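See below for the structure under consideration.
Laboratory data are not the source of any read-out in this text; all were calculated from the coordinates shown. Everything quoted here is computed from the prediction, not taken from an experiment. Using ideal geometry, Cβ is built from the backbone for each residue, glycine included, and neighbour counts are taken over all protein chains shown.
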Amino acid sequence: MTCLTSDDVLSNDDNNKRELGERTYPIWLLINPKYPAVRHDIWRPILDEIQDRVFRELYTRIDTSNIYIRSAVSDGGIVPNTLNWWGKEVAKEIEFYRGIIQEHKPKMLISFGAFPFEFARRVFEVKPEKGPKAWSSSILRDEFDNAMENFDIHCTNRIPLLRRVITNDKRVENRSFLSKTEREAYFQHVGSKIAEKIIENKDQLDIWIK
């Protein structure tokens, strides 16, 4: 892999417009710029569950003010929707992201939906390459469970979450939402699983409120 340790691939202005938090923080969020609402609609209730579990076990809370949040690409118009439509602009973004991953080595890389998950796979050069449509909600759920089963604090763990919680195995773009109870069940499941890994590795994560 090419290790890039400076902003020589993407401009500083471009980076400042689409990232929040600190790259040194152990938890990173990777989002599709077409769907920024996942930070509130998906991540917020999951984070609430994580904080609840952590407090019950450790009597402290995670300082979330510096979580590193970044759009996978700068422009929603270049987000690919097929296997082969991954243009030079996206390749440039993958190369840059690979560089900052290698430089800062986050412990958790949490993605939301099909495109950010495939983007992360390509950052880590996972084969075979696939199109975003290959990642249905049911497959992403399985990938999440696999990530939890194989969690290794010494590596960057790629953790996929759904962009939208839906009623069945139709692809994430389906507009049919789960009932509140079913949505909450998803948030509780993934939140508790992520919290378990955080609690297990509490001494190796510099994320705590001081």
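Among the GluC sites (Glu not before Pro) within segment 86-125, those in coil by DSSP and having at most 13 neighbouring Cβ atoms inside 10 Å are E125.
Across all directions, the average projected area of the convex hull around the alpha carbons of segment 12-204 is 10.7 nm². As a proxy for reagent exposure, F96, F117 were ordered by neighbouring Cβ count within 10 angstrom, fewest first; the result is F96, F117.
For the residue pairs K127/K193; K88/K202; K130/K193; K105/K127; K34/K193, the C-alpha atoms sit more than 29 angstrom apart in K88/K202. Exposure proxy ranking for W86, W135, based on other Cβ atoms within 10 angstrom of each Cβ and starting from the fewest, stands as W86, W135. Phi angles across segment 156-164 convert, under the Karplus curve 6.51 cos²θ - 1.76 cosθ + 1.60 with θ = phi - 60°, into 3J(HN,Hα) values of 7, 8, 7, 10, x, 10, 6, 7, 9 Hz, Gly and Pro given as x. Each residue of segment 98-110 was assigned a 3J(HN,Hα) from its phi angle through the Karplus curve 6.51 cos²θ - 1.76 cosθ + 1.60 (θ = phi - 60°); the sequence is 4, x, 6, 4, 5, 6, 9, 6, x, 8, 10, 10, 9 Hz, with glycine and proline shown as x. Summarising the overall dimensions of segment 84-166 from its C-alpha atoms, the Rg and Dmax are 12.7, 36 angstrom.
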